[in-house]
1. Every residue in region 167-191 that is more than 20 Å from the chain's Cα centre (by Cα) and either surrounded by fewer than 19 Cβ atoms within 10 Å (Cβ to Cβ) or within 9 Å of ligand 1 (Cβ to nearest atom) (or both), please.
2. Tell me yes or no: at least one residue of region 66-88 is open to solvent by 40 Å² or more (accessible area, probe 1.4 Å), within 15 Å of ligand 1 (Cβ to nearest atom), of a type in the set (A, V, I, L, M) and outside any loop (DSSP other than H, G, I, E, B).
3. Quick check on region 124-160: of everything there that is open to solvent by 70 Å² or more (accessible area, probe 1.4 Å) and either under 22 Å from Gly179 (Cβ atoms) or in contact with a His (Cβ under 6 Å, 6 or more places away or on another chain) (or both), which residue is farthest from ligand 2 (Cβ to nearest atom)?
4. Does Gly133 meet the test of being assigned to a loop (DSSP other than H, G, I, E, B), modelled with pLDDT of 95 or more and of a type in the set (Gly, Ala, Ser)?
5. For region 58-100, enumerate the residues that are within 16 Å of ligand 2 (Cβ to nearest atom), more than 23 Å from Asn10 (Cα to Cα) and in contact with a helix residue (DSSP H, G or I) (Cβ under 9 Å, 6 or more places away or on another chain).
6. Scanning for something open to solvent by 60 Å² or more (accessible area, probe 1.4 Å) and under 30 Å from Asp170 (Cα atoms), does region 250-263 turn up at least one residue?
7. Among the residues of region 6-46, which ones are within 19 Å of Lys61 (Cβ to Cβ) and surrounded by fewer than 16 Cβ atoms within 10 Å (Cβ to Cβ)?
8. Among the residues of region 215-231, is there at least one that is surrounded by fewer than 16 Cβ atoms within 10 Å (Cβ to Cβ), farther than 26 Å from Tyr11 by Cβ, at pLDDT 95 or above and in contact with a Phe, Trp or Tyr (Cβ under 8 Å, 6 or more places away or on another chain)?
Amino acid sequence: MEDKFGRKLNYLRISVTDLCNYRCQYCMPENGIEHLKHEDILSFEELYTIIREFVGLGVTKVRITGGEPLVRHGILNFIESVARLKPIEDLAITTNGSLLKPLAQSLKDRGLHRVNLSLDTLKPDRFKLLTRGGNLQDVLDGLHEAMRVGLKVKINCVLNRGINDDEIDDFIQLTETLGIDVRFIELMPIGDNVNYAITHFVSNESILEAHPELVQIDAEDPSSPAKYYQYKNAKGKVGLISPLSCNFCSHCNRLRITPEGFLKPCLHSDIELDLRTPLRLGESILPVIKEAFAVKPEKHLL
Ligand code: SAM
Ligand code: SF4
(Lines give C-alpha, C1' and ligand atoms only; values in the text may rest on other atoms or scores of the structure.)
(Ligands and ions follow the chains in the order given, each with its own letter.)
Protein backbone atom coordinates (compact mmCIF):
# COMPACT_ATOMS: atom_id res chain seq x y z
CA MET A 1 0.00 0.00 0.00
CA GLU A 2 1.38 3.42 -0.95
CA ASP A 3 0.81 6.79 0.67
CA LYS A 4 -0.16 9.86 -1.33
CA PHE A 5 3.52 10.64 -2.03
CA GLY A 6 4.04 7.25 -3.64
CA ARG A 7 5.96 5.81 -0.68
CA LYS A 8 5.48 2.11 -0.08
CA LEU A 9 5.04 1.92 3.70
CA ASN A 10 6.32 -1.58 4.35
CA TYR A 11 8.30 -1.16 7.57
CA LEU A 12 6.73 -1.25 11.04
CA ARG A 13 8.66 -0.44 14.21
CA ILE A 14 6.80 -1.57 17.24
CA SER A 15 7.74 -0.72 20.81
CA VAL A 16 6.64 -3.49 23.13
CA THR A 17 7.48 -1.83 26.46
CA ASP A 18 8.47 1.48 28.00
CA LEU A 19 10.55 -0.34 30.64
CA CYS A 20 14.31 -0.68 30.53
CA ASN A 21 16.95 -2.17 32.78
CA TYR A 22 19.45 0.59 31.83
CA ARG A 23 19.27 4.35 32.31
CA CYS A 24 21.47 5.62 29.47
CA GLN A 25 22.41 9.22 30.20
CA TYR A 26 21.07 10.56 26.89
CA CYS A 27 17.87 8.54 26.90
CA MET A 28 16.40 8.32 30.40
CA PRO A 29 16.51 10.35 33.60
CA GLU A 30 18.55 8.83 36.44
CA ASN A 31 15.45 7.71 38.31
CA GLY A 32 13.79 6.37 35.21
CA ILE A 33 10.57 7.56 33.65
CA GLU A 34 7.10 7.40 35.07
CA HIS A 35 5.98 3.96 33.99
CA LEU A 36 2.86 3.39 31.98
CA LYS A 37 0.11 1.54 33.80
CA HIS A 38 0.03 -2.16 33.00
CA GLU A 39 -3.49 -1.90 31.57
CA ASP A 40 -2.44 0.97 29.28
CA ILE A 41 0.17 -1.17 27.53
CA LEU A 42 -0.92 -3.31 24.64
CA SER A 43 -1.02 -7.02 25.33
CA PHE A 44 0.94 -9.31 23.03
CA GLU A 45 -2.37 -10.42 21.52
CA GLU A 46 -3.20 -6.80 20.69
CA LEU A 47 0.27 -6.20 19.28
CA TYR A 48 -0.05 -9.34 17.18
CA THR A 49 -3.43 -8.21 15.83
CA ILE A 50 -1.93 -4.89 14.79
CA ILE A 51 1.04 -6.47 13.06
CA ARG A 52 -1.18 -9.00 11.27
CA GLU A 53 -3.31 -6.15 9.95
CA PHE A 54 -0.25 -4.30 8.67
CA VAL A 55 1.21 -7.41 7.10
CA GLY A 56 -2.08 -7.84 5.25
CA LEU A 57 -1.53 -4.34 3.85
CA GLY A 58 1.99 -5.02 2.61
CA VAL A 59 4.32 -4.62 5.58
CA THR A 60 7.25 -7.02 5.16
CA LYS A 61 9.72 -5.62 7.70
CA VAL A 62 9.02 -5.55 11.42
CA ARG A 63 11.37 -4.24 14.09
CA ILE A 64 10.68 -4.83 17.77
CA THR A 65 12.02 -2.22 20.12
CA GLY A 66 11.33 -0.56 23.47
CA GLY A 67 12.34 0.49 26.20
CA GLU A 68 14.25 -2.75 26.32
CA PRO A 69 12.22 -5.38 24.45
CA LEU A 70 13.99 -8.35 26.03
CA VAL A 71 12.80 -7.41 29.54
CA ARG A 72 9.18 -8.06 28.60
CA HIS A 73 7.98 -11.41 29.85
CA GLY A 74 6.71 -13.57 26.98
CA ILE A 75 8.80 -11.90 24.28
CA LEU A 76 10.01 -15.22 22.80
CA ASN A 77 6.49 -16.54 22.18
CA PHE A 78 5.52 -13.18 20.71
CA ILE A 79 8.47 -13.20 18.33
CA GLU A 80 7.65 -16.73 17.28
CA SER A 81 4.06 -15.82 16.45
CA VAL A 82 5.10 -12.72 14.49
CA ALA A 83 7.76 -14.69 12.60
CA ARG A 84 5.06 -17.08 11.37
CA LEU A 85 3.12 -14.26 9.72
CA LYS A 86 3.62 -14.43 6.00
CA PRO A 87 5.16 -12.69 4.13
CA ILE A 88 7.38 -11.07 6.75
CA GLU A 89 10.80 -11.07 5.17
CA ASP A 90 12.71 -9.25 7.86
CA LEU A 91 12.06 -9.55 11.58
CA ALA A 92 14.50 -7.61 13.72
CA ILE A 93 14.99 -6.42 17.26
CA THR A 94 16.78 -3.40 18.70
CA THR A 95 18.27 -4.24 22.08
CA ASN A 96 20.82 -3.02 24.59
CA GLY A 97 22.14 -6.60 24.55
CA SER A 98 22.25 -7.03 28.32
CA LEU A 99 19.96 -10.10 28.23
CA LEU A 100 20.95 -11.33 24.79
CA LYS A 101 23.43 -14.08 25.60
CA PRO A 102 20.96 -16.50 27.22
CA LEU A 103 18.24 -15.65 24.68
CA ALA A 104 20.12 -15.49 21.37
CA GLN A 105 19.71 -19.16 20.40
CA SER A 106 16.00 -19.15 21.28
CA LEU A 107 15.46 -15.89 19.38
CA LYS A 108 17.08 -17.44 16.31
CA ASP A 109 15.08 -20.66 16.71
CA ARG A 110 11.82 -18.73 17.05
CA GLY A 111 12.41 -16.96 13.74
CA LEU A 112 14.21 -13.68 14.47
CA HIS A 113 16.47 -12.61 11.60
CA ARG A 114 18.43 -9.62 12.81
CA VAL A 115 19.64 -7.81 15.89
CA ASN A 116 20.61 -4.16 16.16
CA LEU A 117 22.73 -3.96 19.26
CA SER A 118 23.16 -0.60 20.95
CA LEU A 119 26.71 -0.21 22.19
CA ASP A 120 28.26 3.18 22.88
CA THR A 121 31.57 2.34 24.52
CA LEU A 122 34.00 -0.56 24.70
CA LYS A 123 35.36 0.48 28.09
CA PRO A 124 33.75 -1.23 31.11
CA ASP A 125 33.94 1.70 33.56
CA ARG A 126 32.63 4.12 31.00
CA PHE A 127 29.88 1.71 30.04
CA LYS A 128 28.76 1.57 33.65
CA LEU A 129 28.64 5.37 33.82
CA LEU A 130 26.91 5.89 30.48
CA THR A 131 24.24 3.27 31.11
CA ARG A 132 24.10 4.07 34.85
CA GLY A 133 24.96 0.60 36.06
CA GLY A 134 25.28 -1.68 33.02
CA ASN A 135 27.85 -4.44 32.66
CA LEU A 136 29.75 -4.26 29.35
CA GLN A 137 30.73 -7.93 29.43
CA ASP A 138 27.05 -9.00 29.36
CA VAL A 139 26.59 -7.05 26.14
CA LEU A 140 29.80 -8.29 24.52
CA ASP A 141 28.84 -11.86 25.42
CA GLY A 142 25.40 -11.23 23.88
CA LEU A 143 26.97 -9.82 20.73
CA HIS A 144 29.25 -12.83 20.22
CA GLU A 145 26.50 -15.32 21.02
CA ALA A 146 24.11 -13.66 18.56
CA MET A 147 26.77 -13.89 15.85
CA ARG A 148 27.57 -17.48 16.79
CA VAL A 149 23.96 -18.64 16.45
CA GLY A 150 23.70 -16.99 13.03
CA LEU A 151 21.69 -13.86 13.73
CA LYS A 152 22.67 -10.90 11.54
CA VAL A 153 24.06 -8.26 13.89
CA LYS A 154 24.67 -4.53 13.50
CA ILE A 155 26.06 -2.25 16.18
CA ASN A 156 24.45 1.15 16.76
CA CYS A 157 26.62 3.67 18.58
CA VAL A 158 25.49 7.10 19.80
CA LEU A 159 28.48 9.40 20.26
CA ASN A 160 28.45 11.77 23.25
CA ARG A 161 31.03 14.60 23.16
CA GLY A 162 33.63 14.30 25.88
CA ILE A 163 32.35 10.87 26.91
CA ASN A 164 32.90 8.33 24.12
CA ASP A 165 33.98 10.34 21.06
CA ASP A 166 37.56 9.17 21.57
CA GLU A 167 36.44 5.62 20.66
CA ILE A 168 35.40 6.27 17.07
CA ASP A 169 38.47 4.44 15.72
CA ASP A 170 37.83 1.44 17.96
CA PHE A 171 34.27 1.15 16.70
CA ILE A 172 35.29 1.58 13.06
CA GLN A 173 37.82 -1.22 13.50
CA LEU A 174 35.04 -3.59 14.55
CA THR A 175 33.89 -3.54 10.91
CA GLU A 176 37.19 -5.28 10.18
CA THR A 177 37.73 -7.46 13.23
CA LEU A 178 34.12 -8.64 13.61
CA GLY A 179 33.08 -8.08 9.99
CA ILE A 180 29.79 -6.45 10.99
CA ASP A 181 28.23 -3.05 10.27
CA VAL A 182 28.75 -0.30 12.82
CA ARG A 183 26.47 2.72 12.61
CA PHE A 184 27.01 6.03 14.35
CA ILE A 185 23.73 7.72 15.22
CA GLU A 186 23.79 11.43 16.00
CA LEU A 187 22.44 12.35 19.40
CA MET A 188 18.88 13.69 19.24
CA PRO A 189 17.26 16.10 21.66
CA ILE A 190 14.37 14.07 23.06
CA GLY A 191 12.17 14.76 26.09
CA ASP A 192 14.18 16.04 29.06
CA ASN A 193 17.59 15.60 27.44
CA VAL A 194 17.59 18.72 25.22
CA ASN A 195 20.43 20.49 27.05
CA TYR A 196 22.43 17.28 27.32
CA ALA A 197 22.01 16.63 23.59
CA ILE A 198 23.15 20.14 22.68
CA THR A 199 26.26 20.04 24.85
CA HIS A 200 27.22 16.46 23.92
CA PHE A 201 26.38 16.48 20.20
CA VAL A 202 28.97 15.02 17.80
CA SER A 203 28.22 15.53 14.12
CA ASN A 204 28.71 12.83 11.55
CA GLU A 205 30.59 15.36 9.41
CA SER A 206 33.24 15.55 12.12
CA ILE A 207 33.68 11.76 11.86
CA LEU A 208 34.21 12.02 8.11
CA GLU A 209 36.63 14.95 8.48
CA ALA A 210 38.73 13.00 10.94
CA HIS A 211 38.56 9.81 8.85
CA PRO A 212 39.27 10.58 5.18
CA GLU A 213 40.05 6.88 4.70
CA LEU A 214 36.29 6.14 4.84
CA VAL A 215 35.06 5.73 1.29
CA GLN A 216 31.37 6.22 0.56
CA ILE A 217 29.60 3.27 -1.02
CA ASP A 218 26.32 3.08 -2.91
CA ALA A 219 23.17 2.67 -0.86
CA GLU A 220 21.77 -0.84 -1.22
CA ASP A 221 18.48 0.28 0.27
CA PRO A 222 17.26 3.82 -0.51
CA SER A 223 14.89 3.71 2.46
CA SER A 224 17.79 3.26 4.89
CA PRO A 225 18.52 6.41 6.92
CA ALA A 226 22.23 5.52 6.93
CA LYS A 227 24.91 6.60 4.50
CA TYR A 228 27.43 3.81 4.23
CA TYR A 229 31.22 3.88 4.05
CA GLN A 230 33.95 1.32 3.62
CA TYR A 231 36.96 1.17 5.94
CA LYS A 232 39.97 -0.43 4.22
CA ASN A 233 38.87 -3.92 3.08
CA ALA A 234 36.58 -4.47 6.05
CA LYS A 235 33.71 -6.89 5.52
CA GLY A 236 31.40 -4.72 7.60
CA LYS A 237 30.39 -1.18 6.70
CA VAL A 238 30.46 2.07 8.64
CA GLY A 239 27.05 3.74 8.65
CA LEU A 240 26.32 7.34 9.53
CA ILE A 241 22.81 8.27 10.58
CA SER A 242 21.75 11.88 11.08
CA PRO A 243 18.19 11.58 12.40
CA LEU A 244 17.55 15.34 12.38
CA SER A 245 19.32 16.59 9.29
CA CYS A 246 18.75 13.45 7.25
CA ASN A 247 17.00 13.90 4.01
CA PHE A 248 15.56 10.55 3.21
CA CYS A 249 11.91 11.53 3.86
CA SER A 250 11.03 10.91 0.22
CA HIS A 251 12.11 7.28 0.71
CA CYS A 252 10.81 6.87 4.26
CA ASN A 253 8.89 3.60 4.49
CA ARG A 254 8.34 3.54 8.29
CA LEU A 255 5.46 3.63 10.66
CA ARG A 256 5.83 3.37 14.43
CA ILE A 257 3.65 1.97 17.19
CA THR A 258 4.10 3.04 20.82
CA PRO A 259 3.60 0.59 23.73
CA GLU A 260 0.20 2.18 24.46
CA GLY A 261 -0.93 1.60 20.90
CA PHE A 262 -0.47 4.97 19.25
CA LEU A 263 0.46 4.87 15.60
CA LYS A 264 3.09 7.50 14.69
CA PRO A 265 3.45 8.06 10.95
CA CYS A 266 6.64 10.15 11.39
CA LEU A 267 9.28 10.15 14.14
CA HIS A 268 9.56 13.93 13.99
CA SER A 269 5.87 14.79 13.96
CA ASP A 270 3.41 15.01 16.84
CA ILE A 271 0.76 13.10 14.90
CA GLU A 272 -0.37 10.04 16.91
CA LEU A 273 -3.36 7.94 15.98
CA ASP A 274 -5.11 5.78 18.55
CA LEU A 275 -5.22 2.06 17.71
CA ARG A 276 -5.94 0.86 21.24
CA THR A 277 -9.47 2.24 21.57
CA PRO A 278 -10.89 0.54 18.47
CA LEU A 279 -8.96 -2.63 19.35
CA ARG A 280 -10.50 -2.77 22.82
CA LEU A 281 -13.96 -1.95 21.48
CA GLY A 282 -13.63 -4.88 19.10
CA GLU A 283 -13.72 -2.55 16.09
CA SER A 284 -11.60 -2.67 12.96
CA ILE A 285 -8.31 -0.73 13.12
CA LEU A 286 -8.18 -0.49 9.33
CA PRO A 287 -9.65 3.05 9.19
CA VAL A 288 -6.94 4.28 11.61
CA ILE A 289 -4.21 2.66 9.54
CA LYS A 290 -5.61 4.21 6.37
CA GLU A 291 -5.62 7.59 8.09
CA ALA A 292 -1.95 7.12 8.96
CA PHE A 293 -1.17 6.50 5.30
CA ALA A 294 -3.10 9.68 4.45
CA VAL A 295 -1.46 11.95 7.05
CA LYS A 296 2.16 10.78 6.97
CA PRO A 297 4.01 14.05 6.38
CA GLU A 298 5.88 14.49 3.12
CA LYS A 299 8.95 15.56 5.11
CA HIS A 300 9.95 16.77 8.54
CA LEU A 301 10.83 20.38 9.04
CA LEU A 302 13.77 20.17 11.48
N1 SAM B 1 16.73 -0.40 24.71
C2 SAM B 1 16.98 -0.73 23.36
C3 SAM B 1 18.35 -0.25 22.93
O4 SAM B 1 18.98 0.54 23.63
O5 SAM B 1 18.76 -0.68 21.86
C6 SAM B 1 15.93 -0.28 22.37
C7 SAM B 1 15.34 1.07 22.58
S8 SAM B 1 16.47 2.43 22.43
C9 SAM B 1 15.41 3.81 22.68
C10 SAM B 1 16.73 2.40 20.66
C11 SAM B 1 17.92 3.18 20.18
O12 SAM B 1 17.69 4.56 20.36
C13 SAM B 1 19.24 2.86 20.87
O14 SAM B 1 20.20 2.54 19.88
C15 SAM B 1 19.62 4.16 21.53
O16 SAM B 1 21.01 4.35 21.57
C17 SAM B 1 18.92 5.17 20.67
N18 SAM B 1 18.65 6.43 21.35
C19 SAM B 1 18.03 6.63 22.53
N20 SAM B 1 17.99 7.93 22.81
C21 SAM B 1 18.59 8.58 21.79
C22 SAM B 1 18.87 9.95 21.51
N23 SAM B 1 18.52 10.90 22.33
N24 SAM B 1 19.51 10.23 20.35
C25 SAM B 1 19.88 9.25 19.49
N26 SAM B 1 19.64 7.95 19.70
C27 SAM B 1 19.02 7.62 20.85
FE1 SF4 C 1 17.19 4.00 26.46
FE2 SF4 C 1 17.83 1.68 25.23
FE3 SF4 C 1 19.50 2.87 27.03
FE4 SF4 C 1 17.28 1.73 27.82
S5 SF4 C 1 19.06 0.76 26.89
S6 SF4 C 1 18.04 3.67 28.50
S7 SF4 C 1 15.87 2.28 26.16
S8 SF4 C 1 18.87 3.64 25.01
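The values are calculated or read from the model by the stated rules, or taken from the named source; none is laboratory data. Quick caveat: nothing in here was measured; it's all calculated off a predicted structure. Using ideal geometry, Cβ is built from the backbone for each residue, glycine included, and neighbour counts are taken over all protein chains shown. For the accessible areas, the whole protein counts, side chains as well, though only heavy atoms, and no ligand, DNA or RNA atoms are used. Shrake-Rupley method; radii C 1.70, N 1.55, O 1.52, S 1.80 Å.
1. Once the filter is applied, which keeps residues that are more than 20 Å from the chain's Cα centre (by Cα) and either surrounded by fewer than 19 Cβ atoms within 10 Å (Cβ to Cβ) or within 9 Å of ligand 1 (Cβ to nearest atom) (or both), region 167-191 yields Glu167, Asp169, Asp170, Gln173, Glu176, Thr177, Leu178, Gly179.
2. So far as region 66-88 goes, yes, one or more of its residues are open to solvent by 40 Å² or more (accessible area, probe 1.4 Å), within 15 Å of ligand 1 (Cβ to nearest atom), of a type in the set (A, V, I, L, M) and outside any loop (DSSP other than H, G, I, E, B).
3. Among those that are open to solvent by 70 Å² or more (accessible area, probe 1.4 Å) and either under 22 Å from Gly179 (Cβ atoms) or in contact with a His (Cβ under 6 Å, 6 or more places away or on another chain) (or both), it is Arg148.
4. The answer is yes for Gly133.
5. Leu70, Arg72, Asn96, Gly97, Ser98, Leu99, Leu100, listed by residue number.
6. No, because not a single residue in region 250-263 is open to solvent by 60 Å² or more (accessible area, probe 1.4 Å) and under 30 Å from Asp170 (Cα atoms).
7. Of everything in region 6-46, those that are within 19 Å of Lys61 (Cβ to Cβ) and surrounded by fewer than 16 Cβ atoms within 10 Å (Cβ to Cβ) turn out to be Gly6, Lys8.
8. The answer is yes; a qualifying residue exists.
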